[in-house]
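Visitor: Here you go, one structure.
Every read-out reported here was derived from the displayed coordinates using simple, explicitly stated rules and does not represent laboratory data. Model, not experiment: these values are computed from the prediction. All Cβ positions, even for glycine, are placed from backbone atoms using ideal geometry, and neighbour counts span all protein chains on display.
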Amino acid sequence: MTAKLSLPRRALLSAALATVLAAALPAQAQERVLNLYSARHYQTDEALYSNFTKATGIKINRIELGDEPLLERLRTEGAASPADVVLLVDAARIWRAQQEGLFAPVQSRILTERIPADLRAPDNTWFAFSSRARVIVYDKSKVKPAEVDTYEKLAAPGNKGKLCIRSGSHPYNLSLFGSVLERSGEAATTTWLKGLVDNMARDPKGGDTDQIRAVASGECQIAVTNTYYFVRLMKSSRPEDKELVQKVGLIFPNQATSGTHMNISGGAMARNAKNRAEAQAFLEYLASDEAQAYFANGNNEWPVVNGARAANPELTALGDFKRERLSIATIGRQAAAAQRLLDRVGFR
């Protein structure tokens, strides 16, 4: 004869069975995860990731690669890609990835309310989360600020033999040249780029920090850089960097006209994301006041959310300035045309 279980015993057995079954399931099935592909290589971003996990319980699995290797991995993986969120640096790269269909649109009231329209894709497939300005640095002992207070003046005959700049094909420069092309047209931009080539003190090489150091060492007298590289040197405790900062001045170009060119770091949900709720939660977190402060304080970038505040004295010391208001999407779209002009004038 089969004995009947009382209700309390039956409930206890059910609870015990549920515990055994839960223990037998793979750990991954019990936790929420986000697979992040990131081209950002800044140690200070670790706080972003760890605080998101603390706040949400969502574990982040991260792959870090350069922008191009990362995008190539996405293309190769196709529908089998585990990527949920993609973080990229530079407007031209983000726009190209969007055109290739590597992103999925995100319908989020938080993101559309907090991220200005010119700093996100019209179809909400990507969003900027931080910004940096492309500025001119100059040798304070040899150059007057009025001689280099616009991008156009970099190509002036009076600056012949003075310019240092990284490769014209680097996305930071392609985005700048794309903005000039959008504002000035093909003929004027071609003439301007030819003037930059004529004014170079040496062939393009190195990164933005190398250009700043070249000005300080006397190898050249003017250069172009993103602001966060300069602020890093301002914060450095090395005596040689402190001396360098004293020698070099910084100009926010085109304050009387179009404003200083801005570039971005941005993110998107991957087209084949499996963990879509987690991906949207992470993107919305990056637009929070807390995350915006990390971008500014950790990597010397400006927040993109209106009203977001930073506690970064060196960044603040650069002062207020007029920003170019061209749509980031428009700038990205012009990058390919800008590359053709570079080839035409021999800007390597």
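Visitor: Cα-based Rg (one decimal) and Dmax (whole number) for segment 164-286, in Å?
Guide: For segment 164-286, the Cα-based Rg and Dmax read 18.4, 53 Å.
Visitor: Let me ask something additional. To make sure I understand, if each residue's beta carbon is the centre and we count other beta carbons within 10 Å, what order do H261, H170, H41 fall in, fewest to most?
Guide: Going from sparsest to densest Cβ surroundings: H41, H170, H261.
Visitor: Now for a separate question. Pairwise over distinct Cα atoms, reciprocal of the mean inverse distance: report the Kirkwood radius of segment 200-348 in Å, one decimal place.
Guide: Details: mean 1/r = 0.0550 Å⁻¹.
Answer for segment 200-348: a Kirkwood hydrodynamic radius of 18.2 Å.
Visitor: So what are the three principal axis dimensions of segment 56-121 from its Cα atoms, in whole Å, longest to shortest?
Guide: 33, 33, 20
Visitor: If eta is 0.890 mPa s and T is 25 °C, what Stokes-Einstein diffusion coefficient results for segment 139-228, Kirkwood Rh from Cα pairs, in µm²/s? Could the numbers behind the result be given before it?
Guide: Details: Rh = 13.2 Å.
The estimated diffusion coefficient comes to 185 µm²/s.
Visitor: Separate question: Please grab the % of Cα pairs in segment 192-236 that end up more than 13 Å from each other. Display every interim value, and only then the final one.
Guide: Working: 574 of 990 pairs.
When all Cα pairs of segment 192-236 are counted, 58 percent exceed 13 Å.
Visitor: Give me the mean projected area, in nm² to one decimal, of the convex hull enclosing the Cα positions of segment 208-267.
Guide: On the way: hull surface 21.1 nm².
In nm², the orientation-averaged hull projection of segment 208-267 is 5.3.
Visitor: Two decimals, Cα atoms only, Kirkwood Rh: what is Rg/Rh over segment 265-340? Numbers along the way, then the final one.
Guide: Details: Rg = 15.8 Å, Rh = 15.0 Å.
The Rg/Rh ratio comes out at 1.05.
Visitor: Taking other Cβ within 10 Å of each residue's Cβ, how do V245, V86 sort, fewest first? Spell out each step's value before the answer.
Guide: Values: V245 18, V86 27.
Listing V245, V86 from fewest to most nearby Cβ atoms yields V245, V86.
Visitor: Which value, in Å³ per residue, describes the convex hull spanned by the Cα atoms of segment 24-134?
Guide: Given the Cα convex hull of segment 24-134, per-residue volume reads 143 Å³.
Visitor: Based on DSSP H runs of at least 4 residues, each adding -39500 (n - 2.57), what is the mean residue ellipticity at 222 nm of the chain after dividing by all its residues, to the nearest 500 deg cm²/dmol?
Guide: Values: 15 runs with 159 residues, N = 348.
About -13500 deg cm²/dmol.
Visitor: Tell me which GluC sites (Glu not before Pro) from segment 177-220 have a DSSP coil assignment and no more than 15 other beta carbons within 10 Å of their own.
Guide: Values: sites: E182, E186, E219; in loops: E219.
Listed in order of number, the matching sites are E219.
Visitor: Within the set K235/K274; K205/K242; K59/K205; K153/K205; K162/K242; K54/K205, which residue pairs have Cα atoms separated by over 32 Å?
Guide: On the way: K235/K274 41 Å; K205/K242 24 Å; K59/K205 40 Å; K153/K205 21 Å; K162/K242 23 Å; K54/K205 42 Å.
Pairs exceeding the cut-off: K235/K274; K59/K205; K54/K205.
Visitor: Let me ask you something else. Sort T316, T53 so that the residue with the fewest other Cβ atoms within 10 Å of its own Cβ comes first and the one with the most comes last.
Guide: On the way: T316 12, T53 15.
The fewest-first ordering by Cβ neighbours comes to T316, T53.
Visitor: How do 192-203, 267-278 rank on mean C-beta neighbours within 10 Å, highest first?
Guide: Result, highest mean first: 267-278, 192-203.
Visitor: What does the chain give for Rg and for Dmax, in Å, if only its C-alpha atoms count?
Guide: Computed over the Cα atoms of the chain, radius of gyration and Dmax are 24.6, 106 Å.
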